Amino acid sequence: MSEPVMRRTHTGHVARLSSMSALRVHSPLARVLSLCSVLSILTLSTLPAPAQAAEPATRYAIESAKAAQRLLLDVVRAGKRLVAVGDRGHILYSDDNASSWVQAKVPTRQMLTAVFFVDEQNGWAVGHDALILASRDGGATWVKQFEDREREAPLLDLWFKDRNQGLAIGAYGALLETRDGGASWEDVSERMDNEDGYHLNAIVEVKDSGLFIVGELGAMFRSRDGGQSWETLQGPYEGSLFGALDTGEAGGLLVYGLRGHLFRSVDFGDSWQQIEIDTPNNGPLEFGLADGGRLADGSIVVVGHGGTVLKSSDSGRSFSLTNRPDRLSLAGVTALDNGNLVLVGQGGVHAATPTGAELGPQQ
C-alpha cells in the first residue's frame, strides 16, 4: 500500500496563518502551537542533511540523564506504569509512582506530542513528520510504524478503540486510520468537511455518544460511528481549541484553549456553556489551557500556561484554580493512586498535590 499524501492548504490560508499573533508563535508546547510555531520547530529540528551525506536509516533518541527535566508534552498511565513523551524523541517510564524515571529505547529524535495506551502493554505515540510509534511492552521499547517527512507537519493526538482500531490527527487537517494495530495506516482526511485544512489538536471519546475533535480557530467535528463519518459543528468560540475531555456523563464533554477559554456541553456538542475561571484579584483567567484528564475518582484536572492547574469535582461545572509559583507551562497531567498529580511540560516532570500545588517533602 502506498503512503498517503496529505492535501495541502490553499495559498490564502497559509498567508493568513503566517500573520497570527505572537502568543501562538512563541508557545513552547507542541499541542498548542500554531502553524507558524509548528513549522519553526520543524525547520530547526529536521533540517535536511547535505546532499552528499546519507542519513542513517534509524536515529535513536539520545540517552540523557536529564531527560526527565526536559520538555515533555504528554503523560499517561499504562496499568501501574507512568509513560511520558516529549522533545528529542524522549519517552520515559516510571514504575515507582514518579520517584524515578527510565528512558525508553526510541527509534527517533523527533518531538513527540501525545501518547495513548489501550491496556498495560499496548500503546502508541505520535509526533513530528507524521510519526507514529508503537509499544507492546508497556512503553519500555518502541518501533516506528509510520512516518512521512514530505508532509512537513506533526501529528498532535491519537485515540484507539482497542488493540486494532485507532485514529491519529494533526496539522493541516490530517486524519489517519488503522484497523490492524498500526501495521498499516490510511489517510482518511477526506471524511471531514475541513476545506481550509484547520489543524486538528485533540480527539476524545465521549460516553454513550461517539468521538469528538477540536482544533484551530474553534473547529469542531463529531462522529457517531467510530470515525467513519464526521459532522462539522458550529462551536461557541472562534479561537483555537487545544483540548477536549470526556466528563464521564453521557454526552458530557469539556473543550478548552486560548486565553483560558473553557466550555462545557451535556449533549455531545449541540449546545455549550462557558465556564468562567476567575483569578484572585486579577479578573478572568487568560492563560491558555493545553491538556486535561479525568482521574480515577471522577475528578477533572485541566492544565496550561503559567503553571495553571484547574480542578473540578462536579464533572466540570466549576473549577478551583492553582497557579504554581514556578509559572512553567504545563502540557499534560495524570494522577497517582494516592491522588497526587504528575504534571509534565516545561522543566519535565513535576509532582504535585491533588490540587496542583507543589508537593512537600512529606507528601
Average accessible area per residue (Å²) across region 157-198 - probe 1.4 Å, nucleic acids and ligands excluded: 38
Accessible carbon and sulfur surface of region 189-336 relative to its total accessible area, %, 1.4 Å: 42
Mean Cβ count within 10 Å, highest first, over the residues of peptides 334-344, 75-85: 75-85, 334-344
Within straight-line cross-link reach of LYS105, aspartates and glutamates at Cα separation under 12 Å, skipping those fewer than 8 residues along the same chain: GLU63, ASP137
Residues GLU249 and THR279, FRET efficiency given R0 of 30 Å [Cβ-Cβ distance, rounded to 0.05]: 0.65
Fully extended contour minus Cα-Cα distance, from GLU120 to ASP95, at 0.36 nm per residue: 7.8 nm
Accessible surface, per residue, of region 208-311 when the full set of protein chains is kept, probe 1.4 Å, Å²: 36
Restraint check, LYS66/LYS207; LYS144/LYS207; LYS207/LYS311, Cα-Cα greater than 27 Å: LYS66/LYS207; LYS144/LYS207
Förster radius 22 Å - calculated FRET efficiency between ASP267 and ARG191 (Cβ-Cβ, nearest 0.05): 0.45
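The values are calculated or read from the model by the stated rules, or taken from the named source; none is laboratory data. Note that the structure is predicted; figures quoted are calculated from it, not measured. A quick note on method: Cβ atoms are made from the backbone with ideal geometry, for glycine too, and the neighbour counts reach across all protein chains shown. With ligands, DNA and RNA removed, areas are computed over all heavy atoms of the protein, side chains included. Shrake-Rupley method; radii C 1.70, N 1.55, O 1.52, S 1.80 Å.
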